[in-house]
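Scroll down for the structure; my scribbles are underneath it.
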Amino acid sequence: MNEKELDILTKVNSDTQVWRPLEDKFGRRHTYLRVSLTDRCNFRCVYCMPTVEMEWIPRSEVLTLEEVVRLVKVFARLGIDKVRLTGGEPTVRKGLTDLIRDIKGVPGIKSLHMTTNGSTLAARAGEYRGAGLDGLNVSMDSLRPERFSEITRGAKIEPVLEGLAAARQAGFETLKVNVVVINGVNDDEIIDFVDYAAATQSHVRFIEFMPFLGNGWNRDHVLPYAEMKRRIAERRDLLPIETEPSAVAKEFAIGDSGGTVGFVTSVTDDFCRTCNRVRLTAEGRLKTCLFLAAKESLRDAMRAGASDEDLAESIHVGLQGKWAGHPSMEKWIGSDDKAMVQIGG
Ligand code: SAM
Ligand code: SF4
């Protein structure tokens with residue numbers, strides 16, 4: 001190991017064997033890892049899965065579950081304490097329950113969450129919870145069966161609603177419903193979703209529509225956060241909730257209903273300044289920002305015999321390439337040749 005590597009791996013505390021934390025050149029400390037388990041999906045949402053011919057990652061090039069666990073261990077020693085499983089659809093991966101158990105057992109990992117389309121939850125929510133999964137974000141962009149099918153290009157809403165009920169029953173610490181709001185497509189359901197959150201005492205997160213390969217994005221399709229909030233505030237009381245500085249969503253209680261709403265405002269009011277997130281793509285590349293191309297192949301390094309220290313160094317080096325913030329969507333558009341389903345949301 002050379003001197004530079006030694007510096008990168010300087011132990012903060014020799015007892016805990018924690019390596020130098022993941023701080024980028026703008027002083028942002030990274031503690032949250034989002035892991036894409038696959039680029040495949042059983043839904044084909046219009047805003048995520050393009051209609052153009054896509055090249056799927058060959059299975060041999062996708063990280064094995066053992067490789068995922070090894071990398072999580074390395075990230076944990078670099079100070080990552082929160083992990084989110086995503087994709088593609090993470091629940092299409094065989095062995096997911098064991099993976100959840102293994103990741104939850106990694107020293108230093110305090111919380112493990114998953115973003116899913118909810119299609120397997122009716123059967124498996126209890127199993128995932130039993131294995132240690134702490135929280136779920138379930139995507140559901142319409143409460144109307146026909147529209148839900150149109151947005152997902154053919155999926156049915158009933159299993160997702162049953163999955164949400166099963167997740168509630170299983171007692172997840174956090175259970176959120178993600179709604180990508182597309183102006184002219186489902187923006188007329190915002191109040192319905194607020195009422196759903198209030199009635200089920202749950203949390204609904206409205207996400208501004210972002211541009212990715214082949215999803216037909218343009219500014220007119222974005223309903224800005226300010227407008228969503230204005231429309232809701234006309235009809236319901238929104239009371240601000242204090243969140244931690246790195247939170248991506250602006251959160252509000254819906255009066256005293258017990259339900260809450262959040263807004264993820266990547267398009268009109270980004271949260272880059274306090275970003276604490278790094279991503280791992282399904283084929284094991286480090287991605288330091290949703291809008292920056294994935295770079296360092298940790299998979300190739302692992303398969304070529306890299307030690308954990310080597311992997312940690314690659315992660316540190318990669319993190320130094322992270323930018324202060326992403327440009328406006330119009331400037332960025334076309335810079336990436338990947339669809340959201342391939343990137344890992
Ligand atoms: N399949 C899972 C799901 O649908 O929740 C996980 C992967 S999905 C890519 C992760 C999240 O990204 C989902 O909440 C989805 O709604 C969101 N998403 C996908 N495409 C998006 C876009 N163009 N703009 C905003 N959010 C998007
Ligand atoms: Fe699949 Fe999720 Fe993308 Fe929909 S948003 S196509 S469910 S990965």
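Residues of the stretch 135-168 that are within 13 Å of ligand 1 (Cβ to nearest atom) and either closer than 17 Å to Asp192 by Cβ or at pLDDT below 95 (or both): Val138, Ser139, Met140, Asp141, Ser142, Phe148, Ile151, Val160, Leu164.
The condition of being touching a residue at least 40 places away in the same chain (Cβ under 8 Å), within 16 Å of ligand 2 (Cβ to nearest atom) and open to solvent by less than 20 Å² (accessible area, probe 1.4 Å) holds for Leu96.
Within the stretch 183-220, being among the β-branched types (Val, Ile, Thr), in a helix (DSSP H, G or I) and either crowded, with 19+ Cβ neighbours inside 10 Å or under 23 Å from the mean Cα position of the chain (by Cα) (or both) holds for Ile190, Val194. Where strands (runs of 3 or more DSSP E) fall entirely within the stretch 232-333, those with at least 3 residues that are free of Cβ contacts under 8 Å to residues at least 40 places away in the same chain are at 238-241, 249-254. None of Gly163, Gly214 is within 16 Å of ligand 2 (Cβ to nearest atom) and more than 29 Å from Met329 (Cα to Cα) except Gly163. Any residue in the stretch 323-342 that is of a type in the set (Asp, Glu), in contact with a strand residue (DSSP E or B) (Cβ under 9 Å, 6 or more places away or on another chain), at pLDDT below 90 and within 16 Å of ligand 1 (Cβ to nearest atom)? Within the stretch 323-342 (the criterion being of a type in the set (Asp, Glu), in contact with a strand residue (DSSP E or B) (Cβ under 9 Å, 6 or more places away or on another chain), at pLDDT below 90 and within 16 Å of ligand 1 (Cβ to nearest atom)), the answer is no, since none of the residues qualifies. When the stretch 257-279 is filtered for residues that are in contact with a helix residue (DSSP H, G or I) (Cβ under 7 Å, 6 or more places away or on another chain), open to solvent by less than 20 Å² (accessible area, probe 1.4 Å) and among the polar types (S, T, N, Q), only Thr265 remains. In the stretch 146-162, the residues that are without any contact (Cβ under 8 Å) to a residue 60 or more places away in the chain and open to solvent by less than 10 Å² (accessible area, probe 1.4 Å) form Cβ pairs under 7 Å with partners that are hydroxyl-bearing (Ser, Thr, Tyr) and within 15 Å of ligand 1 (Cβ to nearest atom), at six or more places apart or across chains, as follows: Phe148/Ser142; Val160/Ser119.
For the stretch 163-177, the count of residues that are of a type in the set (Ser, Thr, Tyr) and buried (at least 18 other Cβ atoms within 10 Å of the Cβ) is zero.
The values are calculated or read from the model by the stated rules, or taken from the named source; none is laboratory data. A quick note: this is a predicted structure, and the numbers were derived from the prediction, not measured. So basically every Cβ, Gly included, is an ideal-geometry build from the backbone, and we count neighbours across all protein chains shown. Surface areas here come from the heavy atoms of the whole protein model, side chains and all, with no ligands, DNA or RNA. Shrake-Rupley method; radii C 1.70, N 1.55, O 1.52, S 1.80 Å.
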